[in-house]
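One structure is given below, encoded as structure tokens.
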Amino acid sequence: MRFLDATAIERILDPQTAYDSQREAFHCLGSGIADLAERLILAGSGGDALAFCYAARLRPGTPAVCKFGAVAPDNGRLGLPSVHAQILALHPRTGQLIAAFDGEAVTTLRTPAATAVAVDHLAAPGPRTLAVLGCGVQGRAHVHALAGRVSRVLLWDHRPGRAAELADRLALEVTVPVSAAPSAAAAVGAAELVVTCTTSSTPVLRGEWVADGATVVSVGSFAPDRSEVDRALVRRAGAVVVDHVPTGLRQAGPIVGAVADGELAPETLIGLGDVVASGREVRADRHTIVYYNSVGLGVQDAAAVNAMLAAETRQEQVG
């Protein structure tokens, strides 16, 4: 059995490989050939971390993959990452365990790559200002993944000074201008593309701030008790997209709440896989606000693992 640590994963799962893997993940999902088990969550209580587990197969003949991990938002105070996870891959024919992966490293790379796929299919064309709310690991990773698609970046974080610190760091890493915004409202109001990268249980983004025609992506509303965006955004959105409709209805906090209160009809939800596989247009016009809520799916990990194993096989053959 092989174990791929963060260093190996970062070497193999380069930005283009990560992007291609996530595009394939949603194409397979939308085409109906991916095998996706129900995503399981053990909600934390009494200070316990939220634990998650999900399994998937990208398509027939590829490894079955399972990720098991936890989210502990208060870990920053301990100097630890907020997310810990491991991924296991089984041989498609024999079922033998063939590889294990640092799940945190895979998630760090595949999540923003999937956001880039969503942006390419959902966002309006033209120059864009990107606002990123949340300046942790995923905030930085999303700037890297989207820098080539935007003209400038505005950052905000609830911790004072964190956005300015990340802006200084990114100035050496990307070629687009990056600056800290004075407030979340200022960042969102000036942007055509907004990404929320927090683990907040209460909204950090209000729908009234969002400009007409903007695309909002939430990657931190991954459980029923996590809601980075408020109901006003759900009500204003002309299209509400999720990575997977059945999963979103169970676990995407803003979606769960809006459906329960009768503010959102389940049948109006659009799966990103359907958009990627069919080329479906979700915007009625240039004023349409599109809201995409991603909770993260096992098929995304399966696609990333499949891409890495294929790359390793090619390298061995060349060597």
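For Val174, state whether it is assigned to a loop (DSSP other than H, G, I, E, B) and either of a type outside the set (S, T, N, Q) or at positive phi (or both).
Spelling it out, Val174 is indeed assigned to a loop (DSSP other than H, G, I, E, B) and either of a type outside the set (S, T, N, Q) or at positive phi (or both).
Per-residue answers, yes or no, for (1) touching a strand residue (DSSP E or B) at 6+ places or on another chain (Cβ under 7 Å); (2) closer than 15 Å to Ala56 by Cα; (3) in a helix (DSSP H, G or I); (4) in contact (Cβ under 8 Å) with a residue 40 or more places away in the chain:
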| position | (1), (2), (3), (4) |
| --- | --- |
| Leu88 | yes, yes, no, no |
| Ile98 | yes, no, no, yes |
| Ala105 | no, no, yes, yes |
| Ala113 | no, no, yes, yes |
| Val119 | yes, no, yes, yes |
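Quick check on my filter: what residues within region 211-240 are out of contact with any Gly (no Cβ under 8 Å at 6 or more places or on another chain), in contact (Cβ under 8 Å) with a residue 60 or more places away in the chain and not small (Gly, Ala, Ser)?
Scanning region 211-240 gives Asp212, Thr215, Val216, Val217.
Please specify each residue of region 258-287 satisfying the condition of being of a type in the set (Val, Ile, Thr), within 14 Å of Ala239 (Cα to Cα) and not in a loop (DSSP other than H, G, I, E, B).
Correct list: Thr268, Ile270, Val275.
Assess whether Gly213 counts as being open to solvent by less than 20 Å² (accessible area, probe 1.4 Å), over 25 Å from Ala163 (Cβ atoms) and either at pLDDT below 95 or not in a strand (DSSP E or B) (or both). Before you say what the answer is, go through the steps one by one.
Working: open to solvent by less than 20 Å² (accessible area, probe 1.4 Å): yes; over 25 Å from Ala163 (Cβ atoms): no; either at pLDDT below 95 or not in a strand (DSSP E or B) (or both): yes.
Answer is no for this residue.
Restricting to region 17-56, count the residues that are under 17 Å from Val245 (Cα atoms), assigned to a loop (DSSP other than H, G, I, E, B), among the small types (Gly, Ala, Ser) and touching a residue at least 40 places away in the same chain (Cβ under 8 Å).
Residues in region 17-56 being under 17 Å from Val245 (Cα atoms), assigned to a loop (DSSP other than H, G, I, E, B), among the small types (Gly, Ala, Ser) and touching a residue at least 40 places away in the same chain (Cβ under 8 Å): 2 in total.
Are any of the residues in region 263-273 touching a His at 6+ places or on another chain (Cβ under 8 Å) and more than 20 Å from Thr107 (Cα to Cα)?
First, pick out the residues of region 263-273 that are touching a His at 6+ places or on another chain (Cβ under 8 Å): 271-273.
Then drop every residue that is not more than 20 Å from Thr107 (Cα to Cα), which leaves 271.
Yes: one or more hits.
Condition first: over 19 Å from Ala25 (Cβ atoms) and of a type in the set (D, E, K, R). Now tell me which residues in region 259-287 satisfy that.
The answer is Asp261, Glu263, Glu267, Glu281, Arg283, Asp285, Arg286.
Considering only residues that are buried (at least 24 other Cβ atoms within 10 Å of the Cβ) and either of a type outside the set (D, E, K, R) or not in a loop (DSSP other than H, G, I, E, B) (or both), which ones fall in region 227-236? Before the answer, list the steps.
The initial filter retains those residues of region 227-236 that are buried (at least 24 other Cβ atoms within 10 Å of the Cβ), namely 227-229, 233.
Within region 227-236, Ser227, Val229, Leu233 meet the criteria.
Please work out which residue is nearest to Val276 (Cα to Cα), limiting yourself to region 42-65 and to residues that are under 20 Å from the mean Cα position of the chain (by Cα) and surrounded by 19 or more Cβ atoms within 10 Å (Cβ to Cβ).
Leu58
The values are calculated or read from the model by the stated rules, or taken from the named source; none is laboratory data. The model shown is predicted, which means the values in this text are computed figures rather than measured ones. Counting neighbours? That spans all protein chains shown, and the Cβs are built from the backbone with ideal geometry, glycine included. These area figures cover heavy atoms from the full protein model, side chains too; ligands, DNA and RNA do not enter into them. Shrake-Rupley method; radii C 1.70, N 1.55, O 1.52, S 1.80 Å.
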